[in-house]
Amino acid sequence: MRKFLVVLDDSRECLNAMRFAAMRAANTGGGVEILSIIPPEEFNHWIGVGEVMREEARERIQAHFEVFAKWMRDRQGVDPELVIREGEAVQQILAQIEADSEVGVLVLGAATDRKGPGPIVTQLTRSAGTLPIPITIVPGDISKEKLKAIT
């Protein structure tokens with residue numbers, strides 16, 4: 001089964017990327033894999049404190065994921081998978097693509113502010129020509145109706 005890989009983070013544009021991935025998966029018989037990445041700088045503390053912080057981060061991610069997963073199951077009939085990795089975002093995205101041969105499309109949300117589309121979109125589009133799968137970039141301010149129409 002082809003999976004749409006979408007990155008779960010705290011950005012506003014993440015919401016539309018999630019919607020797009022779920023709608024496309026539902027309309028094409030695919031699946032959704034949600035990747036959340038814990039940045040390495042969160043754990044540069046003493047070992048015991050770092051472990052507690054790591055566990056708290058995983059719990060926050062799991063709670064955030066459950067909100068999206070419920071919507072995907074209830075509204076789109078798609079049961080997403082959650083993958084949590086630790087490290088630099090782009091490296092971990094590429095590692096997950098390599099680790100799961102069923103991932104066929106990377107879905108990213110683009111920010112709408114003046115700073116640009118966001119660091120992950122910027123970094124990955126620079127190397128888009130050498131990526132093993134296509135990237136779909138979803139505008140952060142696209143309407144639900146427009147998303148429904150194009151998926």
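The values are calculated or read from the model by the stated rules, or taken from the named source; none is laboratory data. As the structure is a computational prediction, the values presented were derived from the model and not from experiment. Note: ideal-geometry Cβ built from the backbone for every residue, glycine included; neighbour counts use all protein chains shown.
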Anything in the stretch 21-37 that is over 11 Å from the mean Cα position of the chain (by Cα) and part of a helix (DSSP H, G or I)? List them, or say none.
A22, M23, R24, A25, A26, N27, T28
Are any residues in the stretch 15-45 in contact with a Phe, Trp or Tyr (Cβ under 9 Å, 6 or more places away or on another chain) and modelled with pLDDT under 95, and if so, which ones?
L15
Quickly run through the stretch 90-111 and pick out the residues that are buried (at least 18 other Cβ atoms within 10 Å of the Cβ) and either under 9 Å from I37 (Cβ atoms) or not small (G, A, S) (or both).
Q92, I93, Q96, I97, V103, V105, L106, V107, L108
Do we find a residue being under 22 Å from R12 (Cα atoms) and without any contact (Cβ under 8 Å) to a residue 12 or more places away in the chain anywhere in the stretch 47-56?
yes
Restrict the check to the stretch 112-132 and report whether at least one residue is within 13 Å of E33 (Cβ to Cβ) and of a type in the set (A, V, I, L, M).
no
Helices (runs of 4 or more DSSP H) (entirely within the stretch 56-151) containing at least 1 residues that are over 27 Å from N27 (Cα atoms):
89-99, 119-126
Given (1) farther than 17 Å from M23 by Cα; (2) surrounded by 15 or more Cβ atoms within 10 Å (Cβ to Cβ); (3) not polar (S, T, N, Q), where does K115 come up short, assuming only one miss?
(2)
Of (1) out of contact with any strand residue (DSSP E or B) (no Cβ under 7 Å at 6 or more places or on another chain); (2) touching a residue at least 12 places away in the same chain (Cβ under 8 Å), V78 satisfies all except one. Which?
(1)
Out of the stretch 96-126, which residues are small (G, A, S), over 14 Å from the mean Cα position of the chain (by Cα) and under 25 Å from E81 (Cβ atoms)?
A99, S101
Looking at the stretch 9-35 only, could you name the residues that are closer than 14 Å to L82 by Cβ and either touching a Cys at 6+ places or on another chain (Cβ under 6 Å) or β-branched (V, I, T) (or both)?
V32, I34
